[in-house]
Structures are given as C-alpha cells and as structure tokens.
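Q: This is the structure I want to talk about, given as structure tokens.
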Amino acid sequence: MSPQKKLQDWYQIHKRDLPFRKKKQAYPIWVSEVMLQQTRVNAMLPLYESFMNRFPTPESLASAEEEEVLAYWKGLGYYSRARNLRKAAIFLVQNYNGSFPKDLNLVLKLPGIGNYTARAILSIAYDLPFAVLDGNVKRVLSRYFGYSENILGSKADFDLQQKADGFLNKDYPGDHNQAMMELGATLCLPESPKCLLCPLSKSCYARIHQMTGEIPLRVKEKKQIQLSAEILVFDSTDKILLVKEPKMRFLKDMFHLPYGFMGEIPEETYEPTPFFLALKEWCPSPLSVGKFKHTITHHKMEFFVHRQSLKERTQIETLAKNFGVESKWVPLSSLDSEFPSSLASKVKKFLLY
Ligand code: SF4
C-alpha cells in the first residue's frame, strides 16, 4: 500500500469532527483557516460559531460595517485578519458574485490570503491538487524525506514545497493536506514523535535512521541589531586624524576614524569608549556634514558624520595618549588605503568639497 493511501486511511479514522469540515464549501473553510492562523482550534471554535451565525455568507460579511466584524473577532486578536477578511469578501461579491475563484493566482490576489491559506481553501473546498506547507507539514516532510538542511528560511520553503507537491495524493488532495497537518499536530510532534502510531513510519527516513532528534534542523538567523553612530573627522592642514583603539567593538585592529555608538545601545560591548566620550567633551560642537547607512554582519548602522578643523594637533594627540590610544595623521587622498574599510569611502564623499 502506498504511504499516501496509508495516510488517507489513518485520517479517515482519526479526523476530528470539526464544523468547518462538514461541508466542502470555500467560505467556511476560508474563515476557519484565517482564524486558525494564530489561534488554537479549541479556543477558536466558539468564536467561529458565533461569527458564522452572524456572517454566514460572503455577502453578509461584505455588507457589514467594519466595526461589527471587528466586534465578532474579539478574542481572536490580530484584527488585521478580520479587516482583510471583510475586504476580500467585498472583492468576491463585486467580482465573482460572492463565490471563490478556483485559480490559485486569483486567490492569492485577495487581501490577507497567502500561499498556505490559498492552497488549503482550494484543496479542501474544491479538491484541487495544491499541497499545503505549514509548520507541522514542514516537520513531517523533513523527517519523512530526511531533509537535513535548515528548515527556517525561503530555501527550505521552496525545497519542501516541491516535496509536498510530489507527495500529494492527487485523488484526495483536501484530505491529504488535512491528514498531513493532523499528523504533525498529533503524532509527528517536535519532541518525542509517536512513530509507533504513525501511518508513515515504515518509509520514514528519520524514524528508520533514528534521526527524529536531529531533523528538522532549525537554525535561527541572528537578530538584526540597529545602531546609530557618530563618526568624527578631525582635519588639520589637509590631514585627517586616525586612531587605533583596542577596546572597540569593530575595527579595533586597524587605524580608523574615531567613532562611537549613541542612542539606544543593545549591550555593553557597543558602549562608546572613554576616549571617544572625552573627544566629544573636548570638541562639543563639530560641524554636521552628512549621514549614511552601513552594514556589518547583522548590524544595521546609521553613521552621522561630523567634522572639525584644528589649528594645532598637540592637544588631541595628548588626549589620545592619555587614553592609551594610538593616533596618526593621514592625507585625505590616502584615507581609503590608510583606513581600508568601505566606511572610509562613504565618509570621504562628505569631505570632498
Ligand atoms: S514516523 Fe515518526 S518521524 Fe516519521 S513522520 Fe511519522 S511520526 Fe514523524
């Protein structure tokens, strides 16, 4: 027996008796799928019932005031879902006589409907051959096929959608999709999957190779950190001051323009150095000459460039020495080579006038 047939048989026995699955109608399936995006079935059911009693058709939803629709959404949160649902209902009434189009690309144009919801509606309501991919299905597929790459991100979405499409039971796409989601929610659990009860266990790669702990692999990308910084350009007789500060978070191994982070600092290592703070105190109102954006790994930064011309260099050199900071003066023309970072060329643009 094919794994798809085993899954189908398992689903017929284990499927839950849910009101929106009773009839194969796009509207109740759509409403239920949108509600389920952020809410668990048990919490959503009573709210679903009252919503459907008040708005039983796309026409009734389309003709209601937004405030009333939002009132019936109370308890579900994420109110933009309700607004989009109403907007899409209006669109359906105006363009498709209130019925749901059977074309994936047309459905994807409706407000608030993404790939998952569109595929779920079309397969469950119309038995069209579109495989769904949600978090549960991704877990089942990655284990079943032994997909050992990171499942977070667009590459995995693409790869696993292909596997989902290939694995789809084209005779019963709606049941198949629901079975995959149900399997992920009840047996193929993130921790301790119940493989002994699973209809796919005989041909499941992760079960056979005892890799359910390793698959799926979830590697989160580092969180982006937003930073603002000031960069100080001191010039004296056509030369620019560069410093080397071993305590800096970035650029500590090279001579660079003095800079320091300001505003909201995420952690101690980004704090401006005592030398930079002393520089600012010594030169409290330099001229603002521009700003630019710069990225280093997961850091998104905005640099504000300030300039100060100095008549003599001794004071600032002494200040640097007092803080154990090396300093040197370089011609503006060789700033890029003396300070070999793209920061140098970005700053230089503001200095050539
Ligand atoms: S056999 Fe186990 S790991 Fe494989 S799909 Fe079933 S529950 Fe998931």
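The values are calculated or read from the model by the stated rules, or taken from the named source; none is laboratory data. Computed from a predicted model, the values in this text were never measured in an experiment. Positions of Cβ are backbone-derived with ideal geometry, glycine not excepted, and every protein chain shown enters the neighbour counts. Note: areas computed on protein heavy atoms with side chains; ligands, DNA, RNA excluded. Shrake-Rupley method; radii C 1.70, N 1.55, O 1.52, S 1.80 Å.
Q: Take D9, project a point 7 Å from its Cα along the Cβ direction, then tell me which residues of the range 188-210 have their backbone nitrogen under 11 Å from it.
A: The answer is 199.
Q: Work out how much length Y205 to Q38 would gain on full extension: take 0.36 nm times their residue separation and subtract the Cα-Cα distance, in nm to one decimal.
A: Details: separation 167, 0.36 × 167 = 60.12 nm, distance 3.05 nm.
My answer for the length gained is 57.1 nm.
Q: How far apart, in nm, are two points set 7 Å out from the Cα along the Cα-to-Cβ line at I265 and at Q315?
A: In this crude spin-label approximation the distance works out to 2.5 nm.
Q: Now for a different question. Rounded to the nearest 0.05, what FRET efficiency do A71 and D336 give with R0 = 51 Å and r taken as the Cβ-Cβ distance? Could you check? Write out the running numbers ahead of the final one.
A: On the way: r = 62 Å, r/R0 = 1.21.
Once rounded, the FRET efficiency stands at 0.25.
Q: Straight-line reach from K138: which lysines have Cα under 17 Å away, leaving out those fewer than 8 places along the same chain?
A: K155, K163, K194, K220
Q: Determine, from the Cβ-Cβ distance of K300 and D103 and an R0 of 45 Å, the FRET efficiency 1/(1 + (r/R0)^6), rounded to the nearest 0.05. Could the numbers behind the result be given before it?
A: On the way: r = 39 Å, r/R0 = 0.87.
E between K300 and D103, to the nearest 0.05, is 0.70.
Q: By how many degrees, between 0 and 90 and to the nearest 10, does the Cα long axis of helix 115-126 differ from the longest principal axis of the chain?
A: The answer is roughly 10 degrees.
Q: Compute the length gained on full extension between S285 and F91: take 0.36 nm times their separation in residues and subtract their Cα-Cα distance, giving the result in nm to one decimal. Please report the intermediate quantities before stating the final value.
A: Values: separation 194, 0.36 × 194 = 69.84 nm, distance 5.72 nm.
Net length gain for the segment: 64.1 nm.
Q: Need one word for the range 25-126: rounded, prolate or oblate. Basis is the Cα gyration tensor (sqrt eigenvalues a ≥ b ≥ c); a/c below 1.5 gives rounded, then a/b vs b/c decides. Display every interim value, and only then the final one.
A: On the way: a/c = 1.66, a/b = 1.24, b/c = 1.34.
Oblate.
Q: Another question about this same structure. Is the C-alpha gyration tensor of the range 132-221 telling us rounded, prolate or oblate? Criteria: a/c under 1.5 is rounded; beyond that, a/b larger than b/c is prolate, otherwise oblate.
A: Numbers: a/c = 1.63, a/b = 1.08, b/c = 1.51.
Note, shape of the range 132-221 comes out oblate.
Q: Counting only other residues whose beta carbon sits under 11 Å from that of E271, what net charge do I get with K and R as +1, D and E as -1?
A: Numbers: positive: K247, R249; negative: E267, E268.
Local charge sum for E271: 0.
Q: State in Å² the accessible area per residue of the chain; use a 1.4 Å probe, count heavy atoms of protein chains only, and round to the nearest integer. Write down the numbers at each step before the final one.
A: Numbers: 18700 Å² over 353 residues.
Result: 53 Å² per residue.
Q: Subtract the Cα-Cα distance of E149 and K223 from 0.36 nm times their separation in residues, and report this length gain in nm to one decimal. Please list the in-between numbers first.
A: Numbers: separation 74, 0.36 × 74 = 26.64 nm, distance 2.00 nm.
Length gained, E149 through K223: 24.6 nm.
Q: Hey, got a sec? Which trypsin sites (Lys or Arg not before Pro) in the range 30-122 land in a DSSP loop and have at most 16 other Cβ atoms within 10 Å? Let's see the in-between values first.
A: On the way: sites: R40, R54, K74, R81, R83, R86, K87, K102, K109, R119; in loops: R40, K74, K102, K109.
Here the sparse-neighbourhood loop sites are R40, K74, K102, K109.
Q: Quick one: how many Å² of Y78 are accessible to a 1.4 Å probe, rounded to 10?
A: 140
Q: If you average the alpha carbon positions of the range 196-272 and of the range 315-353, how far apart do those two centres end up, in angstrom?
A: Answer, in whole Å: 25.
Q: Taking a cut-off of 27 Å between Cα atoms, list the lysines near K74, but don't count ones fewer than 8 places away on the same chain.
A: K22, K23, K24, K87, K109
Q: List the aspartates and glutamates whose alpha-carbon lies under 19 Å from that of K348, not counting same-chain residues fewer than 8 positions away?
A: Hits, sequence-local ones excluded: E230, D235, D238, E302, D336, E338.
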